[in-house]
Amino acid sequence: MGEMEQMKKEAEGLKTQIEAARKAVNDTDMASAAAGVAPAPRVQLKTRRTLKGHLAKIYAMHWCTDNRLMVSASQDGKLLIWDSHSGNKVNAVPLKSSWVMTCAYAPSGNLVASGGLDNMCTVYNLKTPVIKTVKELDAHAGYLSCCRFLSDNEILTASGDTTCALWDLETGKQTTVFLSHVGDCMCLALSPDNNSFISGACDSLAKLWDIRDGQCKQTFLGHTSDINAISFLPSGNAVVTGSDDCTCKMYDLRADQEVICYQDAALNSGVTSLALSMSGRLVFAGYDDFNCNIWDSLKGEKVGVLSGHDNRVSCTGVPADGMCVCTGSWDSFLKIWN
Amino acid sequence: MSNNSASGVISLQKTVKQLRFEAGLRRIKVSQAAVDLKTFCLQNAQKDPLLMGVPSSDNPFRPPKSCALF
């Protein structure tokens, strides 16, 4: 038992050391540093498309890299592939399990994936004459909360079993398991250079991982509840998180700490989803209160709101060309705004 | 009982190892990080359609002007 006590002491000492090191470089905050920057224009976006077709709550959506197609997942037991320009449904994928929580489009546009309370990530090929299930990735001991393709051969998953995993799609096996979170993993995002990814969990921590060696490189503190949404800034040097504590935060990777918090005393709904505009200046955050608030990422001010859904906004996404923002809701609709 | 303490020790060992790794990180000043973040956002602002607005002629989501066919 002496060994345990010693290690606990060392752990506490290291935590204090890390906190002190962060404080030592904390010579300002983002909002103060951006005081001289012209405010972002008042952002007034209009609904350009309302995509109707799902029969139950929408839980996830993801843009294809062609900036036109997108996939959405609903607990009506379907994935729908939409042509956002025409508003038409291009494909419907019936799911074995209707308890879906996430979906993803492969960068090639050939594959989509989904998963949820079945604890599995199922990968489908959209390019075969009839849509086929390519693989069922089954090794997580908890629900699948998020998945993202690196390529047609590799996919990353985040799970309620507190782990994330990298899978080989040829063998259907886990190549690497990422262990460190002590709460359900709720979201993940790939770095722009694809060498690392960031995860958010119910332990209120965000963690940066090296994809190849499985090492947790950094841990970000500050949130006081589950982190439900996470995204890299396009520069790759910062990440934005959204939490049940009703705030979003930006963490800078090189300063290893929170640099700004997006919050408002009037806001007391949890953040469910978020997406960034192409320059990283705007943060689109979906909330439980049916709205999507738009934040100036540098100044921390609210610069707009997307109102129109009749229930919780559960997912948001901006395509690679930054032309619009899509919101998906428990009201069963997806809306495209610009 | 002994199983619990064995896994407890292993778990704590992992925690300490991870903390040692994170303690060794080199950190830059927040002021420097802020400058770089500002620079990136401002440099890319002109290319950001949601920030700058999309002219209707270039907007793939704008309903097309109606053409009357006689």
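The values are calculated or read from the model by the stated rules, or taken from the named source; none is laboratory data. Model, not experiment: these values are computed from the prediction. So basically every Cβ, Gly included, is an ideal-geometry build from the backbone, and we count neighbours across all protein chains shown.
Which one of the conditions (1) over 26 Å from B:THR39 (Cα atoms); (2) in a loop (DSSP other than H, G, I, E, B); (3) within 12 Å of chain B (Cβ to nearest Cβ) does A:ARG254 fail to meet, given that it meets all the rest?
So the condition that A:ARG254 fails would be (1).
Any chance you could count how many residues in the range A:108-151 are under 21 Å from the mean Cα position of the chain (by Cα), among the charged types (D, E, K, R) and not in a loop (DSSP other than H, G, I, E, B)?
Total satisfying the criteria: 1.
Can you tell me which residue within the range A:276-303, out of those that are on the phi > 0 side of the Ramachandran plot and buried (at least 20 other Cβ atoms within 10 Å of the Cβ), is farthest from the other protein chains (Cβ to nearest Cβ)?
A:GLY300
Among the residues of the range A:323-330, is there at least one that is over 15 Å from A:ALA285 (Cα atoms), away from chain B (no Cβ under 12 Å) and free of Cβ contacts under 8 Å to residues at least 24 places away in the same chain?
Taking every residue of the range A:323-330 in turn, none turns out to be over 15 Å from A:ALA285 (Cα atoms), away from chain B (no Cβ under 12 Å) and free of Cβ contacts under 8 Å to residues at least 24 places away in the same chain.
So A:TYR105 fits all but one of (1) surrounded by fewer than 22 Cβ atoms within 10 Å (Cβ to Cβ); (2) within 30 Å of B:PRO63 (Cβ to Cβ); (3) under 20 Å from the mean Cα position of the chain (by Cα); what number is the exception?
The failed condition is (1).
Would you confirm, using the coordinates I've provided, whether A:THR162 is buried (at least 19 other Cβ atoms within 10 Å of the Cβ) and either within 14 Å of chain B (Cβ to nearest Cβ) or on the phi > 0 side of the Ramachandran plot (or both)?
Against the criterion (buried (at least 19 other Cβ atoms within 10 Å of the Cβ) and either within 14 Å of chain B (Cβ to nearest Cβ) or on the phi > 0 side of the Ramachandran plot (or both)), A:THR162 qualifies.
Do you know which residues across the range B:21-64 are surrounded by fewer than 15 Cβ atoms within 10 Å (Cβ to Cβ), within 27 Å of A:VAL305 (Cβ to Cβ) and either touching a Cys at 6+ places or on another chain (Cβ under 9 Å) or among the basic types (Lys, Arg) (or both)?
B:LYS47, B:ARG62
Part of a helix (DSSP H, G or I), among the charged types (D, E, K, R) and at the interface with another protein chain (Cβ under 7 Å from one of its Cβ atoms): does that describe B:ARG20?
yes
Report whether or not A:SER204 is part of a loop (DSSP other than H, G, I, E, B) and crowded, with 16+ Cβ neighbours inside 10 Å.
yes
Name the residues in the range A:200-230 that are within 14 Å of chain B (Cβ to nearest Cβ) and among the hydroxyl-bearing types (Ser, Thr, Tyr), would you?
A:THR219
Give me the pairs: first residue in the range A:14-29 and at positive phi and crowded, with 16+ Cβ neighbours inside 10 Å, second residue at pLDDT below 95 and not aromatic (Phe, Trp, Tyr), beta-carbon distance under 7 Å, and six or more apart or on different chains, which are they?
Pairs found: none.
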